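Okay, structure first, notes after.
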Amino acid sequence: MKTIQLITISVLFLLLAGNTHAQQGTVTMKLNYAAAVPLGTFKDFVGNTSFRGAGGEVMYHFNNKFSLGGAAGYQDFYQRYDRALYKLNDGSDISAVVTNSLQTTPIMVKAQYNFLENSAVQPYVALGVGGNVVRYRQYLGEFADSKTSFGFAAVPEAGLFVPFRKQSSAGFNIGAAYNIMPYNYGDLKNLNSLGIKAGVSFILH
Amino acid sequence: MTEDESRIYITNHDSTVAFGSYNTFSITDSVAVVNNGKLEDKSNTALDQQFIAAIKSEMQGRGYTLVNKDQNPDLGISLSEINNTYTGVVTYPSYWDGYGGYWDPYYWGYGGYPYYGSYTGVYSVTDVALSTDMFDLKNASSTGKIKSVWSGVIRGSGIFNPSNVNSQVNALFSQSQYIQSGN
């Protein structure tokens, strides 16, 4: 949580410090591809990196440094394990092919700050905070335990934005994100993952 | 997912029991067919005989001697096919509740004795399963009860495919290495 606080404070500080209005009032839409590497207890549930993810956001640009808007994402995690013997809480032994499947759909408010706003490559930091629809399924053989729930999501992100032309809000971006998603079910304590994103943004308005 | 991958094998046992204290066993001559918690039939098809033969073979491989049920076996083993066709969830304890009705204690020569213990309790059933239960008959007279010492359940697709019988029964015993005679 310290990371979130630090980024929030940094973003607010930079917003107040921003004094350029070249892109004031622009609204952009960004679509991005996303991969994610599970971390912590989530890694024990699904060790595989997810290459099935996407995201989208609509941002209002107060100036060509700071923008604020809404973001939504989707990431699909899946892993099937070879048959193995598991010990259940009641002392029984169960031999099963275990398949773990989990999808996260964060829907967040997002703020972004771009550095070097006049340069051809602009580093940025961003923070999304909001809710998260989680679909959990664990199959023992063909028998599923499933649960859909709603949780919290915070996604600090840093990356590079490359405008199509100078001072444009449209362009390419690549970034890395730390997906912070508290969750508590079964052996899972959270659904944290390291995200990699690549996308394109274009001007809506 | 293949049929083989779809199947799960659940076993449990009374951890206080020393399986080496038993030497002989007997097994039911048919399979109880339990539909929605009620005994429908005792079935004795070629497939049922295949299951029975597979369990006999596994038990003999662990050093137990097969005897007739009237020869005071130390262990009694029964087989039940559980079908739940209605929507909803039935748990193994509720399967177990009717147990005396599926396999009357009289079958083992202990008429009127209650069964007790049950170790595969957690799984909900809405489909078909094969359950096998092992009882302590050796101490039934002294305790006045027939105690369940082991149970195994097979669930999933292809359970009643004859070519899967031996590997399925073997799976139950493979994960129950503690079943070993003192012989």
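Counting only other chain Cβ atoms within 10 Å of each residue's Cβ, the peptide A:94-100 averages 6. For chain A, the Cβ-based charge dipole about the Cα centre amounts to some 460 debye (Lys, Arg positive; Asp, Glu negative; other atoms uncharged).
Considering only Cα-Cα distances, which of the following residue pairs are longer than 20 Å: A:Lys65/A:Lys110; A:Lys30/A:Lys166; A:Lys30/A:Lys197; A:Lys166/A:Lys197? A:Lys166/A:Lys197, as the Cα separations exceed 20 Å there. Heavy atoms of chains A and B lose about 1500 Å² of accessible surface on contact, summed over both sides with a 1.4 Å probe.
Of A:Ala54, A:Ala144, A:Ala176, the residue with the greatest mean-square motion in the GNM of chain A, using alpha carbon springs below 10 Å, is A:Ala144.
The 3J(HN,Hα) values that the Karplus relation (6.51, -1.76, 1.60; θ = phi - 60°) gives for segment A:104-114 are, in residue order, 10, 9, x, 10, 9, 8, 10, 10, 9, 10, 9 Hz. Gly and Pro appear as x. Residue by residue, segment A:138-148 carries 3J(HN,Hα) couplings of 10, 9, 9, x, 9, 9, 9, 10, 10, 7, 10 Hz when phi is fed to the Karplus relation 6.51 cos²θ - 1.76 cosθ + 1.60 (θ = phi - 60°); x denotes Gly or Pro. In the protein assembly as shown, taking the dipole from charged Cβ atoms about the Cα centre, the farthest positive-side position among B:Gln168, A:Ser149, A:Met59 is held by A:Met59. Seen against the Cα atoms of chain B and their longest principal axis, helix B:165-174 is set at about 60 degrees.
Centre-to-centre separation between the Cα atoms of segment A:68-90 and those of segment A:127-161: 9 Å.
Summing Cβ point charges (Lys, Arg +1; Asp, Glu -1) relative to the Cα centre of segment A:119-188 gives a dipole of roughly 360 debye. Projecting the Cα atoms of B:Ser57, B:Gly112, B:Asn36 onto the dipole axis of chain B, where Lys and Arg carry +1 and Asp and Glu carry -1 at the beta carbon, places B:Gly112 farthest toward the positive end. Between A:Leu188, A:Leu102, A:Leu31, the GNM of chain A built on Cα springs shorter than 10 angstrom shows A:Leu188 fluctuating the most. Neighbouring Cβ atoms from other chains, within 10 Å of the Cβ of residues in A:132-144, number 3 on average. A Gaussian network model of chain A, with springs between Cα atoms under 10 Å, assigns the largest mean-square fluctuation among A:Ser67, A:Ser146, A:Ser50 to A:Ser146.
How large is the helix-only mean residue ellipticity at 222 nm for chain B, computed as the sum of -39500 (n - 2.57) over DSSP H runs with n ≥ 4, divided by its residue count, in deg cm²/dmol to the nearest 500? Each step should come with its number before you reach the end.
Numbers: 6 runs with 44 residues, N = 183.
Dividing the helical sum by the residues of chain B leaves -6000 deg cm²/dmol.
Rolling a 1.4 Å probe over the protein heavy atoms gives segment A:131-205 an accessible area of 49 Å² per residue.
Place the peptides B:5-14, A:163-172, A:130-139 in order of packing, highest mean first, counting for every residue the other Cβ atoms within 10 Å and averaging per peptide.
Numbers: B:5-14: 22.8, A:163-172: 15.6, A:130-139: 17.9.
Highest mean packing first, the order is B:5-14, A:130-139, A:163-172.
Taking Cβ atoms as reference points and 15 Å as the exclusive limit, the residues near A:Leu68 contribute a net charge of +1, counting Lys and Arg as +1 and Asp and Glu as -1.
The values are calculated or read from the model by the stated rules, or taken from the named source; none is laboratory data. Since the model is a prediction, treat every value here as computed from it, not as a measurement. Note that we place each Cβ from the backbone using ideal geometry, even for glycine, and neighbour counts take in every protein chain shown. SASA here: full protein model, heavy atoms, side chains in, ligands and nucleic acids out. Shrake-Rupley method; radii C 1.70, N 1.55, O 1.52, S 1.80 Å.
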